[in-house]
Each structure stands twice: as C-alpha cells, then as structure tokens.
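*Asks:* Supplied in structure tokens, the structure appears directly below.
The values are calculated or read from the model by the stated rules, or taken from the named source; none is laboratory data. Note that this is a predicted model, so its numbers are computed, not measured. We place every Cβ from the backbone using ideal geometry, glycine too, and count neighbours over all the protein chains shown.
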Amino acid sequence: MIQNERLRQLMARGNAFLGSEVAIMCGAMSWVSERNLVAAMSNAGGFGLIACGAMTPELLDAEIAGTKALTDKPFGVNLITMHPQLTDLIAVCARHQVGHIVLAGGLPPPGSLDAIKASGAKLICFAPALSLAKKLIRSGVDALVIEGMEAGGHIGPVSTSVLAQEILPEVAEQLPVFVAGGIGRGEAIAGYLEMGAAGVQLGTRFVCATESIAHPNFKKAFIRASARDAVASVQVDSRLPVIPVRALKNSGTELFTAKQREVAALLDGGSVEMAEAQLQIEHYWAGALRRAVIDGDVEHGSLMAGQSVGMVKREEPVAEIIATLMDEAAEALSRRAA
Ligand SMILES: Cc1cc2nc3c(=O)[nH]c(=O)nc-3n(C[C@H](O)[C@H](O)[C@H](O)COP(=O)(O)O)c2cc1C
C-alpha cells in the first residue's frame, strides 16, 4: 500500500506492531470512536481504537462484537484507568481476544498490566514525561503514546514537539513509540517518523470523517474552527486539581467553570472526598461531550478538539484522509532525499 520506499521503511515497525498497513492510529474519542469509525479506520489500512470511556462491560462487549462484524482487520480498545470495573472490561477484551489495549488516564493500576498481558493483548500506555516512559518500560508495557498539549480532549502541560525531542532519542530503540497531538498533515508525520517514532496517533483530523457518527452540528463546528478556537479549560479553584481539557470555546466553557465551583463547594462542605470530586468532574465531561457529539448541542455541550482543527476542511471518507496524509508524508520525504 505504501508506494514511497522511505516511508514504507519508517512505518515498518509500527505496522508490524499494529498489524496495519499504515502506522496511523485513530486515537480513541469518547462517543465518536465507536464501531463505524473504528472499522472504517482499520478497513482503510490504519488502526482504529474503540473508546470505552464510561461504558459498562456489557456495552463494551456489544461494541467489540459490532466492530468485528464490520471489519476483519485488527483494532484495539482504549480503557480508562479510573473506570471502577476495569478488571471486568479487561476480561471482556480477553474474551474477544482483542490484540491491543490502550490504558489512558494514568499509570496502570495494580493487577491491570498482568491481566492484560495474560490475555495475550499488547499493552500501550501514555507517557507524559521521560521519567514515566522509563518507568512504564520497566514495568513491561509494549508500546508508548506520547501526546502533547496541542491535542483534543484531556491534555498534559507539555507540547508534542518538546515531548518528542525529550523522549524519542532516549527510548525509541527499546519499543515502538507513537506520537500524538497537533498532527494535521503528513509532513509532520514524516518528521516524527524520522525522529524515531514508530507511528502516529491522530484524533481531531478524523472527527469529520464521513464514517464518523458525530452529529452534523459537531462536524460543522470543526470545519469552521481555526487553531486558536481550541482552548484549554481553566482550573478555577486551586484545591480542586482538574486535568485540563482542550475544546472549542462555547457557552459550555462557562458551564464547566460553574461545575468546578459546585464540586469545590461539595469538597468544602465535606460531603465528598477528593477522588469522588474528581470523578464527578470526569462524569461531567462525558455528559457534556455526549451532548455535543450525539445530540448536536454545540452551544452547551463540550466540543473537545485539538489545535489541528484548523486543518479540518471538509467531511471526507477515512480512506481519503489517510491517502492525503500519506501523500503529504511521502512528498516531504522525497523533497528531503532530493
Ligand atoms: C472529541 C475527542 C474525544 C477524545 N476522547 C478521548 C478518550 O475518551 N480517551 C482518550 O484516551 N483520548 C481521547 N481523546 C484524545 C485522542 O484519542 C487523541 O489522542 C488526540 O485527539 C490526538 O491529538 P489531536 O486531537 O491533536 O489529533 C479525545 C480527543 C477528541 C478530539
């Protein structure tokens, strides 16, 4: 599938790891990354990931089965570490012999790493810093994603370009590393591959795929937006640490401020503990994202989007998005070789 020899070589390791034809993962996006987008991504030669989010084990079971009905290509499942039924969700993946599990939202909780390994799945974790990358490698993960603050959704404090420079030279020889956050064109993919990445993970660029079930209003908001519209949420109370979320600015941005005040008051009143307070914040995001992605309320819901949103110009099939990215990457590499 890959015509350009250099690009084929640079993606070979990522493809071998994923079982894909191009080493481009579509990052799991809650509500968006369900069977249709995931299957379309894998059918087009890339690698789709189901976003489990807050799904129950029964729902995840149905989603995996539904995805398998649409593709016979490999795909993975993204699980969130703070899910109260993580063990059951891993068991569901094991029953379906899911080949790749991504654990998002922190270091693997005790037992989860062994359970995933025992299921035969390859484990991919997010490394937000070099020290954590090294720790994850020691604990036996199979691959890493390094995601910068340009990304859509929950973000860390460091940019993709800095994470790539800090982490790739140190660990890329030891295991496959996928770079995520702010990637909208193939030239950037070529650059990160040349720095040692095994592949990349994109989210924002795939939201407006024809196969994505995101509401037309959600897609329209993406197509209209420019990079500067995708802003990080602000923490309003120092006692309540919230993970920043990057989303398009709308009335929902203010609703989140109000929600933080409400939860901070509950903390002050002693009616909730910190862990419960943070879980309430995460439930808020899940609900707000659903409101925008599924119901199309782009005013009050959450329009999680990365800064690469400015490079989303139209609705187009996943296969075309991948073809464009690959052409751009190949051209960039040919220019450099000339
Ligand atoms: C609408 C939306 C929802 C997301 N939901 C999740 C999620 O549930 N779990 C997760 O690990 N990452 C989530 N992400 C992050 C993506 O998986 C991916 O890593 C990120 O979009 C890559 O950066 P980019 O947006 O700049 O391409 C989400 C991103 C977006 C845009």
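*Asks:* Can you find even one residue in the stretch 176-194 that is farther than 30 Å from Y284 by Cα and part of a loop (DSSP other than H, G, I, E, B)?
*Replies:* So far as the stretch 176-194 goes, yes, one or more of its residues are farther than 30 Å from Y284 by Cα and part of a loop (DSSP other than H, G, I, E, B).
*Asks:* Continuing with this model, one more query. Which is surrounded by fewer than 18 Cβ atoms within 10 Å (Cβ to Cβ) and either within 14 Å of the ligand (Cβ to nearest atom) or of a type in the set (G, A, S) (or both), of A330, A319?
*Replies:* Only one candidate qualifies: A319.
*Asks:* Does S33 satisfy the condition of being more than 21 Å from A188 (Cα to Cα) and in a helix (DSSP H, G or I)?
*Replies:* So S33 does not fit the description; no.
*Asks:* Return yes or no: is D237 in contact (Cβ under 8 Å) with a residue 12 or more places away in the chain, more than 16 Å from the ligand (Cβ to nearest atom), surrounded by fewer than 17 Cβ atoms within 10 Å (Cβ to Cβ) and closer than 30 Å to G186 by Cα?
*Replies:* It is false that D237 is in contact (Cβ under 8 Å) with a residue 12 or more places away in the chain, more than 16 Å from the ligand (Cβ to nearest atom), surrounded by fewer than 17 Cβ atoms within 10 Å (Cβ to Cβ) and closer than 30 Å to G186 by Cα.
*Asks:* Would you confirm whether or not the stretch 1-17 contains a residue that is within 15 Å of the ligand (Cβ to nearest atom) and either buried (at least 24 other Cβ atoms within 10 Å of the Cβ) or of a type outside the set (D, E, K, R) (or both)?
*Replies:* No, because not a single residue in the stretch 1-17 is within 15 Å of the ligand (Cβ to nearest atom) and either buried (at least 24 other Cβ atoms within 10 Å of the Cβ) or of a type outside the set (D, E, K, R) (or both).
*Asks:* Separate question: Filter the stretch 221-258 down to the residues that are farther than 18 Å from D297 by Cα, modelled with pLDDT under 95 and of a type in the set (D, E, K, R) and list them by number.
*Replies:* The answer is D237, R239.
*Asks:* So G196 ticks every box in (1) on the phi > 0 side of the Ramachandran plot; (2) in contact with a Ser or Thr (Cβ under 8 Å, 6 or more places away or on another chain); (3) more than 12 Å from the ligand (Cβ to nearest atom) but one. Which box is left unticked?
*Replies:* G196 satisfies every listed condition except (2).
*Asks:* Next up: Does any residue of the stretch 25-48 turn out to be over 24 Å from R246 (Cα atoms), over 19 Å from the mean Cα position of the chain (by Cα) and within 15 Å of the ligand (Cβ to nearest atom)?
*Replies:* Looking through the stretch 25-48, none of the residues is over 24 Å from R246 (Cα atoms), over 19 Å from the mean Cα position of the chain (by Cα) and within 15 Å of the ligand (Cβ to nearest atom).
*Asks:* Can you tell me which residue within the stretch 44-74, out of those that are in contact (Cβ under 8 Å) with a residue 60 or more places away in the chain and surrounded by fewer than 22 Cβ atoms within 10 Å (Cβ to Cβ), is farthest from V92 (Cα to Cα)?
*Replies:* G45
*Asks:* Looking at the stretch 195-219, which of its residues are under 13 Å from L303 (Cα atoms) and either among the aromatic types (F, W, Y) or free of Cβ contacts under 8 Å to residues at least 40 places away in the same chain (or both)?
*Replies:* Within the stretch 195-219, just F218 meets the criteria.
*Asks:* Can you name the condition, by its number, that A209 falls short on among (1) buried (at least 21 other Cβ atoms within 10 Å of the Cβ); (2) more than 19 Å from G184 (Cα to Cα); (3) away from the ligand (no atom under 11 Å from the Cβ)?
*Replies:* Condition (2) is where A209 drops out.
*Asks:* Those residues that are within 15 Å of the ligand (Cβ to nearest atom) and either touching a Cys at 6+ places or on another chain (Cβ under 8 Å) or outside any loop (DSSP other than H, G, I, E, B) (or both), I need them from the stretch 49-79; list them, please.
*Replies:* L49, I50, A51, L59, L60, E63, G76, V77, N78, L79
*Asks:* Going by what's in this entry, would E173 be described as outside any loop (DSSP other than H, G, I, E, B) and either at pLDDT below 95 or surrounded by fewer than 22 Cβ atoms within 10 Å (Cβ to Cβ) (or both)?
*Replies:* no
*Asks:* Those residues that are closer than 17 Å to V102 by Cβ and either crowded, with 20+ Cβ neighbours inside 10 Å or free of Cβ contacts under 8 Å to residues at least 40 places away in the same chain (or both), I need them from the stretch 18-30; list them, please.
*Replies:* L18, S20, A23, I24, M25, C26, G27, A28, M29, S30
*Asks:* Out of the residues in the stretch 292-310 that are surrounded by fewer than 20 Cβ atoms within 10 Å (Cβ to Cβ) and in contact with a Ser or Thr (Cβ under 8 Å, 6 or more places away or on another chain), state the one that is nearest to P216 (Cα to Cα).
*Replies:* Residue satisfying both the conditions and the ranking: E299.
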